[in-house]
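In what follows, a structure is listed as structure tokens, so that the remarks can point back to it.
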Amino acid sequence: MSSTYTGWDQRLTTSWIIFPGQLVRIKANCFEQTGTYGIIIECVYPDFGYRGNDRYLVLTDGELSSIESFKIWPVEEK
């Protein structure tokens with residue numbers, strides 16, 4: 001990540017790009033500590049940035065679910 005006003009900041013390693021095959025955590029909101037894990041299958045309803053309501057087909061617990069993008073959180077490396 002970089003900033004317009006400063007140089008390159010390599011401490012920021014989190015990516016919010018969602019792609020097929022990515023391991024993600026499904027949470028109801030940002031305050032929820034736990035959540036179910038899933039794998040992104042495909043984007044079934046792209047919003048193209050108008051409202052931010054993309055929907056993704058996610059494999060969770062052996063089932064395919066349509067999940068809104070605001071509930072999808074990338075799994076970070078530790």
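The values are calculated or read from the model by the stated rules, or taken from the named source; none is laboratory data. Keep in mind that what you see is a predicted model, and the values were worked out from it rather than measured. All Cβ positions, glycine included, derive from the backbone under ideal geometry; neighbour counts span all protein chains shown.
If you filter the range 52-68 down to residues that are in a loop (DSSP other than H, G, I, E, B) and touching a residue at least 12 places away in the same chain (Cβ under 8 Å), you find that the one that is nearest to the chain's Cα centre (by Cα) is Asp54.
Scanning the range 1-34 for residues that are assigned to a strand (DSSP E or B) and either loosely packed, with under 10 Cβ neighbours inside 10 Å or more than 15 Å from the chain's Cα centre (by Cα) (or both), we see that the one that is modelled with the lowest pLDDT is Ser2.
Annotation note: Cβ proximity below 9 Å between a residue of the range 35-51 that is part of a strand (DSSP E or B) and a residue that is of a type in the set (S, T, N, Q) and modelled with pLDDT under 90 (sequence gap 6+ or interchain) occurs for Cys43/Ser69; Tyr45/Asn53.
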